[in-house]
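Student: Okay, handing you the structure first.
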Amino acid sequence: MTRYATLDSPMGELLLVGEKSATATGGTALASLSAPEQKGGAVVQDGWTHDPAAFAEIARQLRAYFDGELTSFTLEHVARGTDFQRRVWKALESIPYGATTSYGRIAAEIGAARGAVRAVGTAIGANPLLVVRPCHRVIGADGSLAGYAAGPERKQLLLGLEGNGRQQAEGNGPHAS
């Protein structure tokens, strides 16, 4: 059963989508977290159940993150995506709070060919878990914000919230070489 709720945030009203889970704290595994007008973001479907109480733990952690009190999430999420996407997304999850990395470094980390940077970018753009799976921490090798499905203003907002501003991907955190 798919359930959903919305959550006010500095990014606008977020749409939380989840599935019942016997192992998730609060009983819901997160399937999608989307911002308003996000490219490829989820939209409420017929048959989904509006159930804000099912997202209490998820909402608590997101609020703590936006308040600067939480630097990593401990949320169960629904495993979806191709093998390549899942490898890219796993690499995203290893980028520490406050650090950035480049698309090329993600490609190297997952063992993809140097020319796979566009494929990595496409996989990052398909990330269904904004904020929780921190795709906003991936910037261009030249320090530019590059792409972000929820828009560059929101990417800048999240980087700023983490104390990172618009720093270069070079030499910033453990993912830099």
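Student: When the residues of the range 21-46 are narrowed to those that are touching a residue at least 40 places away in the same chain (Cβ under 8 Å) and at positive phi, which ends up most open to solvent (accessible area, probe 1.4 Å)?
Tutor: Glu37
Student: If you scan the range 47-62, which residues turn out to be open to solvent by 30 Å² or more (accessible area, probe 1.4 Å) and hydrophobic (A, V, I, L, M, F, W, C)? Write out each step before concluding.
Tutor: In the first step, residues of the range 47-62 are kept if they are open to solvent by 30 Å² or more (accessible area, probe 1.4 Å); the result is 47-53, 56-57, 60.
If the condition is that a residue be open to solvent by 30 Å² or more (accessible area, probe 1.4 Å) and hydrophobic (A, V, I, L, M, F, W, C), then Trp48, Ala53, Ala56 are the ones that fit.
Student: For the range 131-161, which residues satisfy the criterion of being at pLDDT 95 or above and part of a loop (DSSP other than H, G, I, E, B)?
Tutor: Val131, Val132, Arg133, Pro134
Student: Oh, and also: Exactly one of (1) open to solvent by 50 Å² or more (accessible area, probe 1.4 Å); (2) under 30 Å from Gly27 (Cβ atoms); (3) in contact (Cβ under 8 Å) with a residue 40 or more places away in the chain is unmet by Glu109. Its number?
Tutor: Condition (2) is where Glu109 drops out.
Student: Among the residues of the range 116-136, write down those that are over 17 Å from Leu30 (Cβ atoms) and surrounded by fewer than 23 Cβ atoms within 10 Å (Cβ to Cβ).
Tutor: Passing the criteria: Ala116, Val117, Arg118, Ala119, Gly121, Thr122, Gly125.
Student: Test Gly121 against the criterion of being assigned to a helix (DSSP H, G or I), of a type in the set (Gly, Ala, Ser) and in contact (Cβ under 8 Å) with a residue 24 or more places away in the chain, and give yes or no. Spell out how you get there, then give the answer.
Tutor: Details: assigned to a helix (DSSP H, G or I): yes; of a type in the set (Gly, Ala, Ser): yes; in contact (Cβ under 8 Å) with a residue 24 or more places away in the chain: yes.
Yes, satisfied.
Student: Those residues that are in contact with a strand residue (DSSP E or B) (Cβ under 7 Å, 6 or more places away or on another chain), of a type in the set (Val, Ile, Thr) and open to solvent by 40 Å² or more (accessible area, probe 1.4 Å), I need them from the range 63-91; list them, please.
Tutor: Across the range 63-91, there are no qualifying residues.
The values are calculated or read from the model by the stated rules, or taken from the named source; none is laboratory data. Small disclaimer: the values here were computed from a predicted structure and weren't measured. Cβ sites come from the backbone with ideal geometry, for glycine too, and all protein chains shown count toward neighbours. Only protein heavy atoms, including side chains, enter the accessible area calculation; ligands, DNA and RNA are left aside. Shrake-Rupley method; radii C 1.70, N 1.55, O 1.52, S 1.80 Å.
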